[in-house]
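The values are calculated or read from the model by the stated rules, or taken from the named source; none is laboratory data. All of these numbers come straight from a predicted model, not from anything done at the bench. Glycine also receives a Cβ, built like all others from the backbone with ideal geometry; neighbour counts cover every protein chain displayed. Each accessible area value is taken on the protein alone, full model and side chains, heavy atoms only, with ligands, DNA and RNA left out. Shrake-Rupley method; radii C 1.70, N 1.55, O 1.52, S 1.80 Å.
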Amino acid sequence: MSSPLVSQAQEPVVPSRYRAHRLADPRPTEKGILYRRGERRFLLDWARVECALAAAIGPVGPDERVFFDLAVKVEGAECVVFRVETASGADARALARAVRLCVGAERCHPSLGEFGPERRYADVGTFEDAALESIRFR
């Protein structure tokens with residue numbers, strides 16, 4: 001006697017790995033972010049960005065860094081981001097405005113405010129853990 005096949009709904013696979021690639025010498029443009037790899041320049045097109053996040057890392061002060069993580073691949077168990085790192089202040093505010101304008105507010109995580117990051121983390125690892133969690137459940 002054979003038993004009927006039981007269909008089991010598969011659980012959706014959510015990202016569990018967060019791979020960040022730091023962009024060297026980044027420069028925002030209308031089309032995307034120009035960056036350097038070796039001697040060559042490349043363009044990360046704004047259209048590739050699925051979600052943009054931001055965070056201030058470290059204590060408030062002159063050594064504070066601002067990270068902008070641009071998620072370009074959120075598939076299966078993996079989340080791949082391109083990271084732009086800048087000092088806090090005018091550079092971070094200008095980059096935040098460029099990202100929000102070019103990527104679109106609907107693809108920006110609440111951590112990326114109009115004038116820069118809305119979140120602060122003690123270290124990069126804590127930021128990456130929080131970013132992965134927010135991307136997993138968006």
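Below is a table of values for the structure above.
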item: Leading residue by the ranking (farthest from the chain's Cα centre (by Cα)) among those in the stretch 61-93 that are basic (Lys, Arg) and more than 15 Å from Pro28 (Cα to Cα); result: Arg65
item: Checklist (1) under 18 Å from Glu133 (Cβ atoms); (2) at pLDDT 95 or above; (3) of a type in the set (A, V, I, L, M); (4) not in a strand (DSSP E or B) applied to Ala54, failing item; result: (4)
item: Test: residue in the stretch 100-114 that is over 22 Å from Pro28 (Cα atoms) and open to solvent by 20 Å² or more (accessible area, probe 1.4 Å); result: no
item: Residue list for the stretch 88-138, restricted to those being among the small types (Gly, Ala, Ser), on the phi < 0 side of the Ramachandran plot, in contact with a strand residue (DSSP E or B) (Cβ under 7 Å, 6 or more places away or on another chain) and not in a helix (DSSP H, G or I); result: Ser88, Ser111
item: From Ala122, Ala52, residue being of a type in the set (A, V, I, L, M, F, W, C), open to solvent by 70 Å² or more (accessible area, probe 1.4 Å) and touching a residue at least 24 places away in the same chain (Cβ under 8 Å); result: Ala122
item: Options Gly58, Gly32; residue that is over 13 Å from the mean Cα position of the chain (by Cα), touching a residue at least 60 places away in the same chain (Cβ under 8 Å), surrounded by 13 or more Cβ atoms within 10 Å (Cβ to Cβ) and within 19 Å of Arg107 (Cα to Cα); result: Gly32
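The rows are residues; the columns are (1) at pLDDT below 95; (2) within 14 Å of Ile135 (Cβ to Cβ); (3) among the β-branched types (Val, Ile, Thr).
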| site | (1), (2), (3) |
| --- | --- |
| Asp69 | no, yes, no |
| Ala77 | yes, yes, no |
| Asp91 | yes, no, no |
| Ala105 | yes, no, no |
